[in-house]
Amino acid sequence: MYRRYFKRLIDIICSLLLLIVLSPVVVCTYFVVLIFIGTPVIFKQKRPGLNSKIFTIYKFRTMNEAKDSNGEFLSDEIRLGKFGHFLRKLSLDELPQLYNVLKGDMSFIGPRPLLVEYLNLYTETQKKRHDVRPGITGWAQVNGRNAITWEKKFDLDIYYAEQYNLMMDIKIIFLTFYKVIKRADIASENQVTVSKFTGSKDCD
C-alpha cells in the first residue's frame, strides 16, 4: 500500500507545503546566487528517472564559468569556490528539486538521478536502481554519499529499490538531517566534486 499509493501522496503533499513554507529561503537563495555567481541561476540538466525515463532536473548553480586564457573551464575546485561549497554543505542547491518532486519526476527518497551518459555503462543489476523514482536523498546518501565507491553506491541503491518501506524512508529522512547538520560526506577524498563513473570492472 505504501509503495503503490502513500509514498507518492506524501511526496505531493510535502513538496507543496515545503515550497510554500520555504519560499522565502528559495527566493533569498536565488538572489544570493545571482549576486555571487550570476546567471543562469538555475542549473538544468537531463537525468534518467523512473524506468530510465529522461526528465529535466533543477538545482541552484554552485559553480561559476571562469575560464583560462585558452577558453577552457578552470578546475571544479576553483569554479566552486567558498560560496558554492557553502551552498552544497547546507544542501541549499537542492531546493529547486522540490518542484521535480511535485511534478512526479522525483521522490524525496530514492537513488540519486545521475547522468544520462551512465545508462549504457550500468550492468543489468545496476540498472535496477531505476526501478523506483530517483530521490533528493537516499540510502546511499546517508551511508557515505560521495565518500564511497560507485559500486558501493549502486549496491545501496539496489538494496533500497528492492527493500524500501515507510520505516526505512523515515530513517533516511532523520539520517539526512543529521548528515546535513554534521556536513558529512559532501565530497570524495581529495576531490571537491565526485569523479565520473566509467563503468564497473566486473560485469554481470
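Out of all the residues in region 165-180, which are open to solvent by less than 50 Å² (accessible area, probe 1.4 Å) and modelled with pLDDT of 95 or more?
Across region 165-180, the qualifying residues are Met168, Asp169, Ile172.
Taking the stated definitions as given, is Lys153 farther than 21 Å from Phe6 by Cβ and assigned to a helix (DSSP H, G or I)?
On the way: farther than 21 Å from Phe6 by Cβ: yes; assigned to a helix (DSSP H, G or I): yes.
Taking the combined requirement at face value, the residue satisfies it.
Just a yes or no: is a residue in region 122-143 open to solvent by 50 Å² or more (accessible area, probe 1.4 Å) and either among the hydrophobic types (A, V, I, L, M, F, W, C) or at positive phi (or both)?
Initially, region 122-143 is screened for residues open to solvent by 50 Å² or more (accessible area, probe 1.4 Å), giving 124-125, 127-128, 131, 133, 143.
Next cut, either among the hydrophobic types (A, V, I, L, M, F, W, C) or at positive phi (or both) only: none.
Among the residues of region 122-143, not one is open to solvent by 50 Å² or more (accessible area, probe 1.4 Å) and either among the hydrophobic types (A, V, I, L, M, F, W, C) or at positive phi (or both), which makes the answer no.
So Leu119 ticks every box in (1) at pLDDT 95 or above; (2) surrounded by 16 or more Cβ atoms within 10 Å (Cβ to Cβ); (3) of a type in the set (A, V, I, L, M, F, W, C) but one. Which box is left unticked?
(2)
State the number of residues belonging to region 66-111 that are among the charged types (D, E, K, R) and in contact with a Pro (Cβ under 9 Å, 6 or more places away or on another chain).
Taking region 66-111 first, the residues among the charged types (D, E, K, R) are 67-68, 72, 76-77, 79, 82, 88-89, 93-94, 103, 105.
Subsequent filtering for residues that are in contact with a Pro (Cβ under 9 Å, 6 or more places away or on another chain) retains 105.
Result for region 66-111: 1.
The values are calculated or read from the model by the stated rules, or taken from the named source; none is laboratory data. As the structure is a prediction and not an experimental result, all values here were calculated from the model. Cβ: placed from backbone, ideal geometry, glycine included. Neighbour counts: every protein chain shown. Remember, those area values only see protein heavy atoms, side chains included, never the ligands or the DNA or RNA. Shrake-Rupley method; radii C 1.70, N 1.55, O 1.52, S 1.80 Å.
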